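Colleague: Below: one structure in structure tokens.
Where a number appears in this text, it was derived from the coordinates with a stated rule and is not lab data. These figures come from a predicted structure and were not determined experimentally. Methodologically, a virtual Cβ is constructed for each residue, glycine included, from the backbone with ideal geometry; neighbour enumeration extends over all protein chains shown.
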Amino acid sequence: MIATFKQTLESLRNFDYGVQTKKLTLGQTLSYWFKYIILIGICGLVIGVGAVVYFTPQIPKLITEKVPEVEFAIKDGKLTTNQKLPFSWKDNEMEIYIDETYATFKNNEGKSQEIKFADIKEELSFNKKIVVDWVMANQTWLLVGGVILVLLLTVVVGSFTVLGQLLQMALWAVGFWILAMILKKNLKYLETLRFVIVASVPALVLDIFGLRLISMAVLAFYVGMWIYRLPSKNK
């Protein structure tokens, strides 16, 4: 990986780096780019797993301190709660209404569903202590579930990011290939694509910090400069 970092520094320092990039194969440039993708993915995974490991034991405390005191119980077909009844809420077509004997829910398509508490035969109850006790008893499973979720998100988000980046680089290469023809440089499309892939590495790092416009400017500057510094066809 140290050699890869040195290659990146060399590409940033050397405005004639296009000559070296032109000699590389498409596989070599993709391998160089993927090393950074994998490194970024590993860093994101470590941060995500670290956050899960740190915050999972804090959940009971957060619930105790931040979640409001909401209690309710359903017994003998009636709802009892420490909240004011009846409760109603409406937003456009969506609507919720709850009183001691039933609850109705209407979605944004106007379809409604009614729940009669008399139809609930088992006694139900809910309060903050029940939630805290459940979380404390299942911290291990919450931790495992959180780690699995982070892994899945890393794979899914990473896959879509890679595909999106590859598509963008292919489109960037079209524009620079046209530029190379205008400047009368002896550059094929796949060679131009290799330029874009190599220049996408520093742009990728800037993207992580949300510097999208700057990353695009860096990519455009280096690819444009490398193409401009190439020998012309008639030389």
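Colleague: Quick one: Tyr228, Tyr32, Tyr97, Tyr54, fewest Cβ neighbours within 10 Å first, how do they rank? Numbers along the way, then the final one.
Modeller: Working: Tyr228 13, Tyr32 21, Tyr97 16, Tyr54 9.
The order, fewest Cβ neighbours first, is Tyr54, Tyr228, Tyr97, Tyr32.
Colleague: PRE reach from Asn127 (point 7 Å along Cα→Cβ): which of segment 55-85 fall under 12 Å by backbone N?
Modeller: 69-73, 81-82
Colleague: Fewest to most neighbouring Cβ within 10 Å: what's the order for Asp119, Asp133, Asp207? Kindly include the intermediate steps, with their values, before the conclusion.
Modeller: Values: Asp119 9, Asp133 12, Asp207 18.
Ranking Asp119, Asp133, Asp207 by Cβ neighbours within 10 Å, fewest first, gives Asp119, Asp133, Asp207.
Colleague: Next question, about the same structure. Given only helices, namely DSSP H runs of n ≥ 4 each adding -39500 (n - 2.57), what is the per-residue ellipticity at 222 nm of the chain, to the nearest 500 deg cm²/dmol?
Modeller: Numbers: 8 runs with 148 residues, N = 235.
Helices in the chain give a 222 nm mean residue ellipticity of -21500 deg cm²/dmol.
Colleague: Continuing with this model, one more query. Could you check which residue among Glu109, Glu65, Glu191 shows the biggest mean-square fluctuation in a GNM of the chain with a 10 Å Cα cutoff?
Modeller: Among Glu109, Glu65, Glu191, the largest mean-square fluctuation in the Gaussian network model of the chain belongs to Glu109.
Colleague: GNM, the chain, Cα, under 10 Å: largest mean-square fluctuation among Ala137, Ala180, Ala103?
Modeller: Checking each option, the largest mean-square fluctuation is seen for Ala103.
Colleague: Normalised by the number of residues in segment 70-126, what is the relative contact order in percent for Cα pairs under 8 Å and 6+ residues apart?
Modeller: This gives 36 percent for segment 70-126.
Colleague: Same structure, new question: Is any helix in the chain, taking whole DSSP H runs, at least 20 angstrom long along its axis by alpha carbon and on average at least 0.5 on the Kyte-Doolittle scale, and which ones? Provide the component values of the computation, followed by the final result.
Modeller: Working: long enough: 26-55 (43 Å, 1.62); 139-182 (63 Å, 1.95); 189-208 (28 Å, 1.57); 212-228 (24 Å, 1.53).
Answer set is 26-55, 139-182, 189-208, 212-228.
Colleague: From Cα pairs below 8 angstrom and at least 6 apart in sequence, can you work out the relative contact order of the chain, rounded to a whole percent?
Modeller: Numbers: 257 pairs, mean separation 58.0, N = 235.
It rounds to 25 percent for the chain.
Colleague: If you wrap a convex hull around the Cα atoms of segment 180-235, how much volume per residue is inside, in Å³?
Modeller: Working: hull volume 3.6 nm³, N = 56.
Convex hull of Cα atoms, per residue: 64 Å³.
Colleague: Taking only Cα atoms and a 10 Å spring cutoff, compute GNM fluctuations for the chain and point out the largest among Asn14, Asn127, Asn107.
Modeller: Per the Cα network of the chain with a 10 Å cutoff, Asn107 tops the list.
Colleague: I've got another one for you. Pairs of Cα atoms under 8 Å, at least six residues apart: use those to get the relative contact order of segment 75-204, whole percent. Mind showing how you got there, number by number?
Modeller: Working: 107 pairs, mean separation 17.5, N = 130.
Relative contact order of segment 75-204: 13 percent.
Colleague: Moving to a separate point now. For an R0 of 45 angstrom, estimate the FRET efficiency from the Cβ-Cβ distance between Leu12 and Asn92 and round to the nearest 0.05. Don't jump to the answer; show the numbers that get you there.
Modeller: Working: r = 53 Å, r/R0 = 1.18.
My answer for the efficiency is 0.25.
Colleague: In nm, to one decimal, how far is the Leu153 label point from the Thr81 one, both placed 7 Å along Cα→Cβ?
Modeller: 3.0
Colleague: How about Lys116: which lysines have a C-alpha closer than 19 Å to its C-alpha, ignoring those fewer than 8 places off in the same chain?
Modeller: Lys75, Lys78, Lys84, Lys106
Colleague: Here is a follow-up. Against the 2.2 N^0.38 Å scaling, with N counting residues, where does segment 70-126 land? I'd like the Cα-based Rg ratio to two decimal places.
Modeller: Numbers: Rg = 12.1 Å, N = 57, 2.2 N^0.38 = 10.2 Å.
With N residues counted in segment 70-126, Rg over 2.2 N^0.38 Å equals 1.18.
Colleague: Moving on to the next point. May I ask you to give the average projected area over all directions of the convex hull of the Cα atoms of segment 96-235, in nm² rounded to one decimal? Display every interim value, and only then the final one.
Modeller: On the way: hull surface 63.2 nm².
If you wrap the Cα atoms of segment 96-235 in a convex hull and average its projections, you get 15.8 nm².
Colleague: With the cut-off at 27 Å, report for the chain the share of all Cα pairs above it, as a whole percent. Intermediate results must be reported in sequence, preceding the final value.
Modeller: Details: 16465 of 27495 pairs.
Roughly 60 percent, once rounded to a whole number.
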